[in-house]
1. Restricting the search to region 218-277, which residues are under 17 Å from residue 187 (Cα atoms) and assigned to a loop (DSSP other than H, G, I, E, B)?
2. Are any residues in region 1-55 touching a residue at least 24 places away in the same chain (Cβ under 8 Å), surrounded by fewer than 13 Cβ atoms within 10 Å (Cβ to Cβ), outside any loop (DSSP other than H, G, I, E, B) and more than 16 Å from the chain's Cα centre (by Cα), and if so, which ones?
3. Quick check on region 255-262. Is at least one of its residues surrounded by fewer than 16 Cβ atoms within 10 Å (Cβ to Cβ) and at pLDDT below 95?
4. Which ranges mark the helices (runs of 4 or more DSSP H) fully within region 85-204 that have 3 or more residues being surrounded by fewer than 17 Cβ atoms within 10 Å (Cβ to Cβ), at negative phi and in the same structural domain as residue 39 (by TED's automatic domain parsing)?
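The values are calculated or read from the model by the stated rules, or taken from the named source; none is laboratory data. Computed from a prediction, not measured in an experiment: that's the story for all the values here. Note that each Cβ is placed from the backbone with ideal geometry, even for glycine, and that neighbours are counted across all protein chains shown.
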């Protein structure tokens with residue numbers, strides 16, 4: 001018997017690498033900010049931002065329950081920022097997931113700091129109790145100059161405030177930073193202030209990607225004309241500065257996205273020295289380091 005899949009997707013669909021086994025449930029289309037000049041994810045015309053109709057979302061959840069039953073254990077709320085929905089609408093979605101997909105143990109979402117501002121810690125705690133357990137926050141940098149140059153629409157303080165509120169509510173935070181985003185001139189302050197942001201908020205998860213432009217750099221350079229890209233050596237030096245400045249208690253760290261030349265994995269701060277040694281070895285002897293080949297980066 002052929003059954004139509006219960007969820008209507010609008011391509012392209014994006015998700016964090018760690019959500020590979022999750023059911024992707026769009027509750028919005030596109031990104032509610034969508035002005036960051038380094039980001040190409042939601043620039044296609046069909047990805048114009050909008051809220052998915054609540055009735056459609058609830059029907060999709062019900063039908064997923066009927067067709068997939070107890071197979072679904074993780075749900076990722078798409079597209080770019082489900083937190084743009086009101087607390088009431090999010091609670092309705094989370095309640096429906098619990099009712100129709102009873103084996104779900106983790107619900108996660110991308111999260112822009114700006115969309116946490118209008119939600120109190122009490123509201124976020126309510127969402128956590130209803131099942132929202134993980135938020136992927138694209139901080140990109142902790143340096144205000146870098147953030148302004150890439151039209152992020154956030155500052156060190158607004159990002160810290162959002163991360164603190166999520167943490168206070170018991171929602172785990174996976175913070176993403178972009179290696180190389182400040183270019184040559186702003187590399188040191190980008191590294192040091194990004195570490196300062198992580199130190200101030202102590203996220204449960206921390207990841208770095210290398211800034212890249214598969215569709216070209218024109219859009220990015222229009223806003224940041226002085227930007228000069230870091231070469232492989234420069235990226236490693238910036239990573240060393242970043243790791244050296246980190247003072248974390250227990251944060252799972254990953255620098256293993258396809259964009260990264262050097263794969264780094266560990267728990268900070270327990271494995272800080274080992275990770276620093278890996279980076280320093282790559283700086284001193286790149287030919288002897290186990291680097292990802294250029295073709296495998298797929299950029």
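1. Once the filter is applied, which keeps residues that are under 17 Å from residue 187 (Cα atoms) and assigned to a loop (DSSP other than H, G, I, E, B), region 218-277 yields 224, 225, 226, 227, 228, 229, 230, 231, 246, 260.
2. Of everything in region 1-55, just one residue is touching a residue at least 24 places away in the same chain (Cβ under 8 Å), surrounded by fewer than 13 Cβ atoms within 10 Å (Cβ to Cβ), outside any loop (DSSP other than H, G, I, E, B) and more than 16 Å from the chain's Cα centre (by Cα), namely 46.
3. Yes, region 255-262 has at least one match.
4. Details: elements: 87-100, 121-129, 144-149, 156-168, 187-201.
Filter on region 85-204 gives 87-100.
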